1. I'd like the Karplus ³J(HN,Hα) series for the stretch 310-318: coefficients 6.51, -1.76, 1.60, θ = phi - 60°, whole numbers in Hz, and an x wherever there's a Gly or Pro.
2. Take every DSSP beta bridge with both residues inside the chain and express the antiparallel ones as a percent of the total, to the nearest 5.
3. With Cβ to Cβ distances under 10 Å as the rule, what net charge do the other residues near residue 119 carry (K, R +1; D, E -1)?
4. Given the DSSP H assignment, sum -39500 (n - 2.57) over each helix run of at least 4 residues in the chain and divide by its residue total; what's the result at 222 nm in deg cm²/dmol, nearest 500?
5. Provide the net charge surrounding residue 169, with neighbours chosen by a C-beta distance below 15 Å and charges set as Lys +1, Arg +1, Asp -1, Glu -1.
6. How tilted is helix 64-76 with respect to the longest principal axis of the chain? Cα atoms for both, answer in degrees (0 to 90, nearest 10).
7. So for the chain, taking the charge dipole from beta-carbon charges (+1 Lys/Arg, -1 Asp/Glu), which of 108, 178, 259 sits furthest toward the positive end?
8. Apply the a/c threshold of 1.5 to the C-alpha gyration tensor of the stretch 255-332 and tell me whether it is rounded, prolate or oblate.
Amino acid sequence: MSKRPSPISATVDFDADGVQHGFLKLPISNDESAWGAVMIPVTVVKNGDGPSALLTGGNHGDEYEGITALLKLANTLKAEDVHGRVIIVPMMNVPAAKVGRRTSPMDGGNLNRSFPGNPDGTVTEQIADYFTRYMVPLVDVVLDLHSGGRTLDIIPFAASHLLDNKDQQRQALEGAKAFGAPTAMMMFELDAARLFDTAVESQGKIFVATELGGGGTTTPERMEIAERGVRNFLIHYGLVDGELAGPSQPQVYVDMPDASCYVQSEHTGLLELTVTLGEMVEKGEVLARVYDMTRTGAMPVEYHAQRSGVLVARRFPSLVNMGDTIAVIAEVVDSLD
Ligand SMILES: [Zn+2]
């Protein structure tokens, strides 16, 4: 069954040379605005023929490293520095970004669980559909900048996925390495089916994702990694000239082979992580304790590492509920090939 055209329209011309700042406009009609629109900022920088790249942030609205890096790039990238076309969308889910939340206040939608999307669905599903059917077909490579947001803190890394098409997998892995974060990862997703990643990869396009920190803010160190990484990505895929700038230490390769990397809480209470982000842990080692906040004299529940590896992500807030991911342990490997 074919889908109707997207209700979203762009105020920029994706085929025009030069720098354009505009919007992807999604009509809405609600109590605040009878004939209104959700306005998703977009910048197009094009200079003749060449590869096309889509750079996205704010797929989740509280992941500020990518949003900030792309707002800065949109302000500074010049057409004469580009070969081909760079499309920059710093806040894909702009309703969520405007209120500093992971999900949209308009419909509760988690954009990165809404792909491939639906032109007749909620606001969030309509945004997903537009990216799937209109933006991704315009480009060869996609860089989607995530981080932990308010509830997770994650070591900065770029990642690619295992794919059936090994040439596509190799090209994405090379881009993830070239991003130049301290760590490069082969990532296992808990729920891949509705991700932007899958919508891009299923069209045969090259997709690189990142996690760049978290906690609902940025730090100078992580911003430097984010900005350097975006530039490295553009250099690697031939969109701008320059020398790749690597991390100061040799890049660490990590693999997340299966769901046992994720440690999820089976208790509600006060979380004490006993391992620092980026630290190595041994299988069986205590990772975290969860305390009963309703009484004194109750021993905490201890959580143990189910595998040896490096702590790549942790829950950021100290309050934890049943089902929350409290730690993610990835395996350090010599090669991702
Ligand atoms: Zn995210």
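1. Working through the residues one at a time gives 10, 6, 9, 8, 9, 5, 8, x, 7 Hz.
2. Values: 48 of 71 bridges.
Looking only at bridges with both residues in the chain, the antiparallel portion is about 70 percent.
3. 0
4. On the way: 6 runs with 62 residues, N = 337.
Roughly -5500 deg cm²/dmol at 222 nm, from the helical runs in the chain.
5. On the way: positive: 166, 170, 177, 205; negative: 164, 167, 174, 189, 197, 201, 255, 337.
The answer is -4.
6. Helix 64-76 sits at roughly 30 degrees to that axis.
7. 108
8. prolate
A short reminder: the numbers here are calculations on the coordinates, not readings from a lab. Just so it is clear, the model here is predicted, and its values are computed rather than measured. Please note: Cβ atoms are built from the backbone with ideal geometry, for glycine as well, and neighbour counts cover all protein chains shown.
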